[in-house]
């Protein structure tokens, strides 16, 4: 506990999620659970994001737990983390000039209970030149990210518009997290005093 603020277990290895909790001033420890992140046969991308976040939360131990999982959807199918540069290139070609959905499932658990939700944002890519697709895929930046790109890094140049919450696309819907913590009784007023 840090100054009246209980330590949160972040059930994720994502550096982006860690950065966002740091920005909020929430004390936390990152403890990525060992869970299989595969989608189930026939599973809708939005449902998968919710299920995977809940699965990560269930595998974590601690009084306060935050877990999230992001799934990118294009034409009703999920684009996970690309296996290699070739698949990353294929993802970027498919997303070029088009609108896709980013679903981030969030599960927050505290002594008073648990809240699970999914936040969805629409992201429109600009029309990408072949050399841009090749250069971004070759950078390796998108290999550990759902959909094969990161909006907070060089991938920001891929995006023409966002409909919805930017932080959902980054991997952690911050406003929904804050409201969930408040609803479960986390002492958020102490965060402002810190």
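What follows draws every value from the coordinates through simple rules; no lab data is involved. All figures in this text were calculated on a predicted structure; none of them were measured in a lab. Because the Cβ atoms are built from the backbone with ideal geometry, glycine has one as well, and the counts that use them run over all protein chains shown.
Key figures for this structure:
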| item | result |
| --- | --- |
| Angle in degrees between helix 45-59 and the longest Cα principal axis of the chain, rounded to the nearest 10 | 40 |
| Exposure proxy order (Cβ contacts within 10 Å, fewest to most) of 125, 91 | 125, 91 |
| Alpha carbon centroid spacing (whole Å) that separates the stretch 72-139 from the stretch 1-38 | 22 |
| Rounded to 5, the percent of DSSP beta bridges in the chain classed as antiparallel | 85 |
| Angle in degrees between helix 130-139 and the longest Cα principal axis of the chain, rounded to the nearest 10 | 40 |
| Within the stretch 2-105, percent of DSSP bridges classed antiparallel, to nearest 5 | 60 |
| Likely footprinting exposure, 119, 14, fewest C-beta neighbours within 10 Å first | 14, 119 |
| On Cα atoms only, tilt of 174-183 relative to the major axis of the chain in degrees | 20 |
